[in-house]
Amino acid sequence: MNLKAAARLGGRIGHFSIDGVRLPFREGQTIMAAAMEAGVYIPHLCYNPEFTPHGSCRLCVVRSNGRHLAACTTPAAEGLEVESHTDELQEQRRELLQMLFVEGNHVCPACEKSGACQLQAVAYYCGMLAPELTYFYPQRTVDASHPDIAIDYNRCILCELCVRASREADGKNVFSIADRGIHAHLQINSSTGKLRDSDLEVTDKAAHVCPTGAILPRNLGYNIPIGKRPYDQKPISLAGDVADHEESS
Amino acid sequence: MLELLAEKLHIPRTQVISVVEFYTFLHTRPQGEYEILISDSITDQMLGKQQLMDYLAGKLQVEVGTTRKDGLVSLDNTSCTGMCDQGPAGLVNGQVLTSLDTGKVDVLVDLMTRRVPVTEWPADFFQVRDNIHRSGLLLNDSIGKGEALQSAFARGLDETLQELENAGLRGRGGAGFKTAMKWRFAKQEQEPERYVVCNADEGEPGTFKDRVLLNSYAHEMFEGMTLCAAIIGAGKGFLYLRGEYQYLYEQLQQVLQQRRQSGLLGANIGGQDFNFDIEIHLGAGAYICGEESALIESLEGRRGIPRNRSPYPVSQGYLGKPTVVNNVETFVAAAKIAVHGGDWFAARGTSQSRGSKILSISGDCRQPGIYEYDFGVSIAEILGDCGADDVFGVQIGGPSGTFIGNAELERRLAFEDLATGGSFIIFDNSRNVLDIVQNFTDFFAHESCGFCTPCRVGTALLKKQFDKIRQGHGSAGDLVELEKLSRLIKNTSHCGLGQTAVNPILTTLERYPELYQSQLKDISFEPGFDLDGSLETARKLARRNDPAAHLAQGGE
């Protein structure tokens, strides 16, 4: 059964708990969806309630009955006891975040998304100070061919939100992932592989869901000055996902 | 070419690229007229693969991983080709090369230089032996064509499913899910369109028993698939054959043709209201496609990325329809159980692991090959039979399984002790554990699908971290980090590949901590790069090489 559809339909109400706090859920809802609705924050990057859950960033991995489960793809169940904000899981999240930081080239001080970047905000929230893992320093490019949207591949974390948004919301299929393992990369569906020649438009959902500074609408970069951005004001656990703030940034 | 494929298949150009870049045997750039891939399994390495590769590369004057300038030949490594009992092995234009040695390489190079088509090469290059050394319950038994179906129809399909349940048959790919339960789940689904898939993507390094079953027991396998189709109500089946076994493709097609001619496939099979046929789908070099949902993605023409579950394939599999995916050996066993009944099978093995298991034995023993045992057999007994002396340890179930040392040889082969899909690699005391772990760690990094963070980045980091320790640049902290990284990958990965990719490190770290510690430097921290070496360019520019232009590393 499609969890999202079931959740929308309503259904029977049950209860489960996260870190000892009792929460309601509708039958078919995932742990993540139920938590979000109840205002309980579970760190995540590839999850966005508007699209099919992906389960790839693994930041939302929680523990239940001794098992590690992705909160965004695991249905909530009656009486389920979930641990999320424990030292062990936060440590795990810090290491996963470090992996994302060393895999690409993320230079926060020079990034126009700083302060409105979900990767940065989740890292702050989880207490990641600096990557201690070996950097990959991959050679990646910037695609500034499109008049309204730019892509900096250095900042892509392969969450596939743009892939899903383009397919599910825009009906376009502009983005996809190629290759495998550490070589996996985002690609553009156009004759040249350039954004200019794709049918992406700045009004498309896919242009506004990137949790990092990889896909950016152009000419808006500093409309909101640094210091006044969503995560400059509040931690992500209170401010919510960056996609919700997109219009204001 | 990409555009042409996209146009003909009515798919986006990027989907073609996605797939081509994902699978090892597909390329975006032309390869040589002769494309040679040498199997890089630990078993091939133990048989002298590296020296052979160096010799071959030297003779051909081509660097490994490249195509020669004149376009005659490409040379590269590939993951285990399933010829561990007759390595070093390789592939030339998709055809298997076995038992390679320098003599054969000389001939091979000569044939290529004279541009002799591969179809005209001497047959002994391509000879693959079954090497069955010990037959048990399944390999000794022979059933007639159609016998399992006749028995099932005579007994009743529900009753036959009950026999399968009584047999206690569990999946032979290694995970051990109860076969009857899987079939029952699929049967109970509301959706009328259903599928049967045989997983012949035997990619676990050290496993080759399916190769032998596909070669010599294909009728039984197809019969098992047809039986499953009759029971669950499927109209179509797929044999997902790993690309490395392309040499079996034609002969398997012939078996299917014979079965169609005998009325065992097609319309009204066995005079019943039952229509079913089987298509063979070739893989293209991706270990992850052995995972059932990745296999289904691959069948549907995409990158082999394991799906989220639930839903499981039994309810939403191929094209979103109920699909049973079983291993080759499972289907062979099911066909025989349909003929002989559940008790015949359940009488053998242990209470939780009924029946027998076919093993692929390779590595340091006198008689590598296929051995079938009742479950519950001790490792020591197996080692005695295949002629392994001076044993240091055994890798059970392949790199994703368990490494056991020679103090554990009384342990037993069974789901409740040492579970295995069939890979059984023996190492004697001349072997270095760290060489083995390095090979396995490289393998998983190479085969990670790249979907989830811990496996995509983690396996690549693990490889770096392990290499750092191996090369003598590790300190105590690096070993802690290695273990921490391993636990993280195990706990948070999306599928079994990531969850088991760290087993080689964790199982050997637990058993031989002193081996790892002996690689370490006696300092508190050592950076992951050569500090002094990285100053070389600066020294050249400054034309200096005096002691003050050098940095001591890590406080030595």
Residues that are part of a loop (DSSP other than H, G, I, E, B) and either under 23 Å from A:Glu132 (Cβ atoms) or within 14 Å of chain A (Cβ to nearest Cβ) (or both): does segment B:496-504 have at least one? yes
Hey, does segment B:187-202 have a residue that's assigned to a helix (DSSP H, G or I) and closer than 18 Å to B:Leu169 by Cβ? yes
When B:Asp389 is run through (1) assigned to a helix (DSSP H, G or I); (2) free of Cβ contacts under 8 Å to residues at least 40 places away in the same chain, the failure sits at (1)
Members of segment A:60-96 found to be at the interface with chain B (Cβ under 8 Å from one of its Cβ atoms) and of a type in the set (A, V, I, L, M, F, W, C), listed by number: A:Val61, A:Ala70, A:Leu96
Check whether at least one residue in segment A:229-237 is open to solvent by 20 Å² or more (accessible area, probe 1.4 Å), of a type in the set (Gly, Ala, Ser) and within 19 Å of A:Asn48 (Cβ to Cβ), and report yes or no. yes
Answer yes if at least one residue in segment B:263-275 is part of a helix (DSSP H, G or I) and of a type in the set (A, V, I, L, M, F, W, C), and no otherwise. yes
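How many of the residues in segment A:59-79 are in a loop (DSSP other than H, G, I, E, B), out of contact with any Leu (no Cβ under 6 Å at 6 or more places or on another chain) and either on the phi > 0 side of the Ramachandran plot or surrounded by 20 or more Cβ atoms within 10 Å (Cβ to Cβ) (or both)?
So the answer is 9.
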Suppose we filter A:Arg155, A:Arg93, A:Arg58 for residues that are modelled with pLDDT of 95 or more, of a type in the set (Lys, Arg), touching a helix residue (DSSP H, G or I) at 6+ places or on another chain (Cβ under 6 Å) and farther than 17 Å from A:Met36 by Cα; which single one remains? A:Arg93
If you take the residues of segment B:10-58 that are free of Cβ contacts under 8 Å to residues at least 24 places away in the same chain and among the aliphatic types (A, V, I, L, M), which of them is nearest to the other protein chains (Cβ to nearest Cβ)? B:Ile17
Taking A:Gly181 and the conditions (1) open to solvent by less than 10 Å² (accessible area, probe 1.4 Å); (2) within 19 Å of the chain's Cα centre (by Cα); (3) within 14 Å of chain B (Cβ to nearest Cβ), which numbered condition does it fall short on, given that it satisfies the others? (2)
Within the group B:Tyr318, B:Tyr287, B:Tyr240, which residue is in contact with a Gly (Cβ under 7 Å, 6 or more places away or on another chain), closer than 22 Å to B:Phe177 by Cα, of a type outside the set (S, T, N, Q) and in contact (Cβ under 8 Å) with a residue 60 or more places away in the chain? B:Tyr287
Mind telling me which of the residues B:Ala123, B:Ala218, B:Ala200, B:Ala148 ends up being among the small types (Gly, Ala, Ser) and farther than 18 Å from B:Leu248 by Cβ? B:Ala148
Name the single residue, out of those in segment A:33-57 being under 19 Å from A:Ala169 (Cβ atoms) and part of a helix (DSSP H, G or I), that is nearest to the other protein chains (Cβ to nearest Cβ). A:Ala33
Does B:Val96 satisfy the condition of being open to solvent by less than 60 Å² (accessible area, probe 1.4 Å), more than 14 Å from chain A (Cβ to nearest Cβ) and not polar (S, T, N, Q)? yes
Considering each residue of segment B:452-479, count those that are open to solvent by 20 Å² or more (accessible area, probe 1.4 Å) and within 7 Å of chain A (Cβ to nearest Cβ), and give that number. 1
Considering only segment B:412-451, how many residues are within 14 Å of chain A (Cβ to nearest Cβ), open to solvent by 40 Å² or more (accessible area, probe 1.4 Å) and either over 26 Å from A:Ser56 (Cβ atoms) or in a loop (DSSP other than H, G, I, E, B) (or both)? 0
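The values are calculated or read from the model by the stated rules, or taken from the named source; none is laboratory data. Here the structure is a predicted model, which is why all the values come from computation and not from measurement. Using ideal geometry, Cβ is built from the backbone for each residue, glycine included, and neighbour counts are taken over all protein chains shown. These area figures cover heavy atoms from the full protein model, side chains too; ligands, DNA and RNA do not enter into them. Shrake-Rupley method; radii C 1.70, N 1.55, O 1.52, S 1.80 Å.
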